[in-house]
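Everything below concerns the one structure shown next.
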Ligand SMILES: C[S@@+](CC[C@H](N)C(=O)[O-])C[C@H]1O[C@@H](n2cnc3c(N)ncnc32)[C@H](O)[C@@H]1O
């Protein structure tokens, strides 16, 4: 499987690197401003999971950390160390830049998640990933195997992710691009082919941007649960919310009858 997905990973990495400078120019000042408030980018739902136990001696880590704003905010909640992993050189540099600007020692590792090696085994006590992480990962089994290996025994994995039901809609900006299409279900919950996404990754300005198309993968809740259990985790808590914790589907929040839009899941590595 990993051999087969390598070209997809490279294609997606090029697209993320292509958009990263643009995100930086749009967001830099507000990110630095907001990071002056410790914990700013970790909302209440995620914070509650991260702070269930005393964290002063623990390391927090984030997979698919993007520009590191959330990793730094998590560090600021009181963890001893923090580390973010992302395959985009540009975003990892931005994370290091923000950490220097706010004077924290958060570390960033430029790596494809699938290539995180034994040198990081047992190094993180609470690992998290947030909205829009899993959809870039074609192989969930390997993703959660690596999460399991990266965690210390007793360590927790928390996903604060987009709900797969929300991914049945077209993102707001695609509907605008396609002539202000009506908001309705567009993708099958059971689709197992990736979406070849042509609008680019500038979801801040909402303009079509970049020459690179990307492939994103829809994973059903059952796929996510099965892969987590298969990796050896024990699932402790799961909850669903009618709030879009990405910024892609805000108009679904206007529905009177709402689908689940985000979920939080915490699983524990009980044995090595
Ligand atoms: C939508 S962003 C996550 C944004 C995050 N929720 C936030 O609000 O900051 C997805 C991230 O996953 C990263 N990514 C995608 N595929 C990856 C892979 N195979 N290995 C490491 N990072 C990857 C991208 O570079 C991007 O930064």
In what sequence, highest mean first, do 55-63, 19-27 appear when ranked by Cβ atoms within 10 angstrom? 55-63, 19-27
Nearest-0.05 FRET efficiency for residue 119 and residue 242 at R0 = 51 Å, using Cβ-Cβ distance, is 0.80
For residue 270 and residue 53 in one chain, what is 0.36 nm times their gap in residues minus the Cα-Cα distance, to one decimal in nm? 76.6 nm
List 100, 182 from most exposed to least, where exposure is judged by having the fewest other Cβ atoms within 10 Å. 182, 100
If each DSSP helix of 4+ residues adds -39,500 (n - 2.57) and the sum is divided by the residues in the chain, what number results at 222 nm, nearest 500 deg cm²/dmol? -10500 deg cm²/dmol
Computed E for residue 193/residue 230 - FRET, C-beta separation, R0 22 angstrom, nearest 0.05: 0.50
Exposure proxy check: 65, 165, 156 ranked by fewest other beta carbons within 10 Å? 165, 156, 65
Give me P(r) over region 1-60, computed from all C-alpha to C-alpha distances, binned every 10 Å, as integer percentages. 17, 25, 28, 29, 1
Could you give the Stokes-Einstein D for the chain in µm² per second, using the C-alpha Kirkwood radius, 37 °C, 0.692 mPa s? 173
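Rule-based calculations on the coordinates, nothing more; no lab input. Since this is a predicted model, take the numbers as computed values, not measurements. Cβ: placed from backbone, ideal geometry, glycine included. Neighbour counts: every protein chain shown.
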